[in-house]
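Student: What follows is a single structure, and I will ask about it in a moment.
A short reminder: the numbers here are calculations on the coordinates, not readings from a lab. Here the structure is a predicted model, which is why all the values come from computation and not from measurement. FYI the Cβ positions are ideal-geometry reconstructions off the backbone, even for glycines, and counts take in every protein chain you see.
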Ligand code: RP5
């Protein structure tokens, strides 16, 4: 994520990965404030053993795109809700990548963070039966948790 201030959003990705028992590393890497850290991370991520990168940032959110420019790993971008423009700035600056440098862009905020983790799990599940099985269970639990009728006092 681009800042400590992104953690309240990005923790939902972390918690989803934990629920699926998928190991991950959470780091603060700012495209603007720590560009050399970004370069070192993105260029070294594959050699470090990462398989998928989830990049969450807000405002002028260059982190996902710049990361994708420097690694062949799949990059999922999470637009963090900004104060000034409610995350529309984050969304547009992440989603409009030029052809040739893809960022899989999710929804703004918590939903995007959760779904980025689930998409990452889906990618990893292609080559990992344990993750595939846990993802199936997670989805089955979600389905089972939806009541057929509303709780009218809820
Ligand atoms: C972006 O600027 C970060 O991803 C964050 O969403 C936004 C604001 O950062 P802070 O000023 O809160 O550190 O780089």
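Student: Can you tell me the length gained on complete extension of the stretch residue 142 to residue 11, counting 0.36 nm per residue apart and subtracting the Cα distance? Kindly include the intermediate steps, with their values, before the conclusion.
Tutor: Details: separation 131, 0.36 × 131 = 47.16 nm, distance 1.93 nm.
Stretched fully, the residue 142-residue 11 segment lengthens by 45.2 nm.
Student: Highest first, please rank the peptides 59-66, 21-28, 142-149 by the mean number of other Cβ atoms sitting within 10 Å of their residues.
Tutor: Output ranking for 59-66, 21-28, 142-149: 59-66, 21-28, 142-149.
Student: What is the helix-to-structure angle for 110-125, meaning the angle in degrees between its Cα long axis and the longest Cα principal axis of the chain, kept from 0 to 90 and rounded to the nearest 10?
Tutor: For 110-125 against the chain, the angle is about 90 degrees.
Student: Given a Förster distance of 22 Å, report the FRET efficiency between residue 73 and residue 26 from their Cβ-Cβ distance, rounded to the nearest 0.05.
Tutor: 0.85
Student: Give me the orientation-averaged projected area of the Cα convex hull of the chain, in nm², one decimal. Before the final figure, lay out the partial values.
Tutor: Working: hull surface 42.6 nm².
It is 10.7 nm².
Student: A further question follows. How tilted is helix 129-144 with respect to the longest principal axis of the chain? Cα atoms for both, answer in degrees (0 to 90, nearest 10).
Tutor: 50 degrees
Student: Another question, then. What angle do you read, to the nearest 10 degrees and between 0 and 90, between the alpha-carbon axis of helix 35-48 and the longest principal axis of the chain?
Tutor: Approximately 60 degrees, to the nearest ten.
Student: Then there is this: Separation between the residue 60 and residue 95 pseudo-spin-labels, each 7 Å from Cα along Cα→Cβ, expressed in nm?
Tutor: 2.2 nm
Student: Quick one: divide the alpha-carbon radius of gyration of segment 78-154 by 2.2 N^0.38 Å and tell me what you get. Please report the intermediate quantities before stating the final value.
Tutor: On the way: Rg = 16.6 Å, N = 77, 2.2 N^0.38 = 11.5 Å.
This ratio for segment 78-154 stands at 1.45.
Student: Note the full-extension length gain between residue 86 and residue 151 as 0.36 nm times their separation in residues minus their Cα-Cα distance, in nm to one decimal.
Tutor: Between residue 86 and residue 151, full extension yields 20.3 nm more.
Student: Further question on the same structure: With a 10 Å radius around each residue's Cβ, average the other Cβ atoms per peptide and rank 47-54, 115-122, highest first.
Tutor: Working: 47-54: 15.5, 115-122: 20.9.
Highest to lowest by the protection proxy: 115-122, 47-54.
Student: Mind ranking 129-141, 72-84 by how tightly packed they are, going by the mean number of other C-beta atoms within 10 angstrom, highest first? List each step's numbers first, then the result.
Tutor: On the way: 129-141: 13.0, 72-84: 20.9.
Top to bottom by mean Cβ count within 10 Å: 72-84, 129-141.
Student: Can you give me the Cα centroid spacing of segment 1-57 and segment 81-154 in angstrom?
Tutor: 16 Å
Student: Using just the helices of the chain, give the 222 nm mean residue ellipticity in deg cm²/dmol: DSSP H runs with n ≥ 4 each add -39,500 (n - 2.57), and the total is spread over all residues, rounded to 500. Before the final figure, lay out each step's value.
Tutor: Working: 6 runs with 74 residues, N = 154.
So the helix-based figure for the chain works out to -15000 deg cm²/dmol.
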